[in-house]
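The values are calculated or read from the model by the stated rules, or taken from the named source; none is laboratory data. Since the structure is predicted, the reported quantities are computational estimates derived from the model, not experimental observations. All Cβ positions, even for glycine, are placed from backbone atoms using ideal geometry, and neighbour counts span all protein chains on display. Ligands, DNA and RNA are excluded from the accessible area calculation, which covers all protein heavy atoms including side chains. Shrake-Rupley method; radii C 1.70, N 1.55, O 1.52, S 1.80 Å.
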Amino acid sequence: MIYSRKTGLYNFAAFFKTKNMERKQNIALVAHDNMKADMVAWVKWNHAKLSGHRFICTGTTGRMIKDTMDRAAIGETDEATEMVRLKSGPLGGDQQLGAMIADGEVDVLIFFWDPMGQHPHDVDVKALLRIAVLYNIPTASNRSSADYLISSPLFMSDYEPAKKDYREYLYRAIGK
């Protein structure tokens with residue numbers, strides 16, 4: 001717990017403690033509309049590597065990914081796809097995901113964003129990517145970088161991402 005309502009105090013030791021990335025990763029999958037087909041194809045291609053992990057997805061992307069994973073698992077001994085589905089990105093899903101990153105509930109972010117389109121929630125997308133960088137979450141933005149990320153030996157290891165100490169910022173002097 002970072003903040004205790006009971007005591008009104010912050011637990012900085014818990015906040016800055018590094019967390020082991022276990023074999024079962026919490027993988028956030030997000031795709032803009034024009035990139036959803038690429039995301040589904042990528043998930044289908046990497047089904048064996050992805051099965052057994054937990055997924056956190058926004059809106060329609062989540063439905064499409066669950067369908068793809070479940071279809072690919074038919075006849076196999078794979079466990080059911082474990083997924084948290086958030087709201088659609090423009091309806092607050094990007095912000096929900098950002099909060100989950102800040103709370104340490106996401107290990108990896110794979111976000112196929114559309115570089116050619118304008119989106120009504122561009123500020124939310126920027127905030128999501130900023131928070132992923134702030135908390136040093138491994139992030140992929142296209143099929144190639146996603147392939148590199150899940151092919152890394154670190155993906156299945158007890159890799160501990162470095163966490164920056166923000167206490168200096170939190171305790172900075174604010175002008176009167």
* Asked: What tally of residues in region 104-133 results from selecting those that are out of contact with any helix residue (DSSP H, G or I) (no Cβ under 8 Å at 6 or more places or on another chain), more than 20 Å from K24 (Cβ to Cβ) and open to solvent by less than 80 Å² (accessible area, probe 1.4 Å)?
  -> 2
* Asked: Of all residues in region 134-176 being basic (K, R) and out of contact with any strand residue (DSSP E or B) (no Cβ under 9 Å at 6 or more places or on another chain), which is surrounded by the fewest Cβ atoms within 10 Å (Cβ to Cβ)?
  -> K176
* To do: May I ask you to list pairs of residues, at least six apart or on different chains, whose Cβ atoms are under 7 Å apart, with the first in region 23-44 being of a type in the set (K, R) and the second being assigned to a loop (DSSP other than H, G, I, E, B) and open to solvent by less than 50 Å² (accessible area, probe 1.4 Å)?
  => K24/G52; K24/H53
* G59 being surrounded by 17 or more Cβ atoms within 10 Å (Cβ to Cβ) and either within 14 Å of N26 (Cβ to Cβ) or touching a helix residue (DSSP H, G or I) at 6+ places or on another chain (Cβ under 7 Å) (or both) -> yes
* Asked: Does region 108-117 include one or more residues that are out of contact with any strand residue (DSSP E or B) (no Cβ under 9 Å at 6 or more places or on another chain), at pLDDT 85 or above and among the aromatic types (F, W, Y)?
  -> no
* To do: Residue by residue through region 115-151, note down the ones that are over 17 Å from the mean Cα position of the chain (by Cα) and in a loop (DSSP other than H, G, I, E, B).
  => P115, M116, G117, Q118, H119, P120, H121
* Asked: Restricting the search to region 4-30, which residues are of a type outside the set (S, T, N, Q), at pLDDT below 95 and part of a strand (DSSP E or B)?
  -> L9, Y10
* Do the conditions hold for T68, that is, is it at pLDDT 60 or above, within 14 Å of the chain's Cα centre (by Cα), assigned to a helix (DSSP H, G or I) and over 19 Å from I131 (Cα atoms)? -> no
